[in-house]
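The values are calculated or read from the model by the stated rules, or taken from the named source; none is laboratory data. Treat the numbers as computed from the prediction; the structure is a model and nothing was measured. Positions of Cβ are backbone-derived with ideal geometry, glycine not excepted, and every protein chain shown enters the neighbour counts.
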Amino acid sequence: MISFIIVNYNTKVITEECINSILNNKLIDSLFEVIVVDNDSTDDSPNYLKKVFNKYKNVKIIKNSQNIGFGNANNIGFQESKGDFLIFLNSDTLVSDTNFNDLLKQFTLEENIGFLSSLVLNSNNTIQSIGYDRPGLKTDFKINALYWNFNFMKSIRLSKYRKVGLRKVGWVSGCFMICNKYDFLKLEGFDPNIFMYAEDLDICLRMEKIGKNNYVYDETSIYHLHGKSNNNNNLLRKLYKQKKNYFYVLEKNNFGNISAIKIMTIYHILSLTFIKKIVTILRIFKRKEGEKI
């Protein structure tokens, strides 16, 4: 059996679409269950989803009494799961055409797989993620100085991307992760100290410590409607939280050169602050010019 685990927080319609994309998928031969863990939503998500999927015995809705964060909610979903394979999905993903049969087949072809993901696409079919490199000076220089993971850079560096099948990566996005339940047990789940952001990096690094590697199988894909499940519209505040957790993960997993990485990160945040102010000024100027006309 396969266990799909989805964390919901005030995204009942998006979560409904995600669940429907699983139920409508024709490329799942195994029995499966869908477990939705609601983090004390205020939009009546649990009742709404229970009503919509009432006829499906393999869809279960769990309501938390408080918002305990992304990783902790996934841990609760795992505790309720019955599958031999766990598939962690963001609520803002669509998997109607994802070939889960081929994805699960990879675990029999490569016994060293820890976490497995697929090609992650934006809604316009551009590539959002093909997995990520392990943290380090070279990786962080590209991220902080060259804006490696910004869409405009991705459009350049991934424009000639060619599929290779199964490829080893440092870590995979938490929006879509597959693993064996026994490995997840060894890891004791997501770090309960991380509320949100960087929990995927942390658990992938810990997967390496038990002798497994992380992979992306790029012959199939999912759609990630990036940001739809995140109500925080403040880019810099979000970035600050991400980097704070990132440093926690680096220190926890004994990475060196953290001071140098912090300096690059400060530059990154300051440069983005400057760029954001320039863009705001240009927009105001443009609006005033339009009013004159």
If you go through the stretch 124-146 one residue at a time, how many are of a type outside the set (Val, Ile, Thr), surrounded by 14 or more Cβ atoms within 10 Å (Cβ to Cβ) and free of Cβ contacts under 8 Å to residues at least 40 places away in the same chain? 2
For residues that are touching a helix residue (DSSP H, G or I) at 6+ places or on another chain (Cβ under 7 Å) and at pLDDT 95 or above, scanning just the stretch 195-204, find the one that is nearest to Asn72 (Cα to Cα). Glu199
Do we have Leu49 as surrounded by fewer than 17 Cβ atoms within 10 Å (Cβ to Cβ) and either touching a Leu at 6+ places or on another chain (Cβ under 6 Å) or among the hydrophobic types (A, V, I, L, M, F, W, C) (or both) here? no
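Which count do you get for residues in the stretch 160-184 that are surrounded by fewer than 12 Cβ atoms within 10 Å (Cβ to Cβ) and not in a loop (DSSP other than H, G, I, E, B)? Walk me through it before giving the result.
Looking only at the stretch 160-184, we keep the residues that are surrounded by fewer than 12 Cβ atoms within 10 Å (Cβ to Cβ), and these are 160, 162, 164, 182.
Cutting the leftovers down to not in a loop (DSSP other than H, G, I, E, B) gives us 182.
Within the stretch 160-184, residues that are surrounded by fewer than 12 Cβ atoms within 10 Å (Cβ to Cβ) and not in a loop (DSSP other than H, G, I, E, B) number 1.
Condition check ((1) over 16 Å from the mean Cα position of the chain (by Cα); (2) modelled with pLDDT under 95; (3) in a helix (DSSP H, G or I); (4) farther than 28 Å from Asn8 by Cα) across all residues:
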position: Arg206; (1), (2), (3), (4): yes, no, yes, no
position: Ile222; (1), (2), (3), (4): no, no, no, no
position: Asn231; (1), (2), (3), (4): no, yes, no, no
position: His268; (1), (2), (3), (4): yes, yes, yes, yes
For the stretch 82-102, give me each residue that is more than 18 Å from the chain's Cα centre (by Cα) and either over 15 Å from Ser118 (Cα atoms) or in a loop (DSSP other than H, G, I, E, B) (or both). Lys82, Gly83, Asp84, Asp97, Asn99
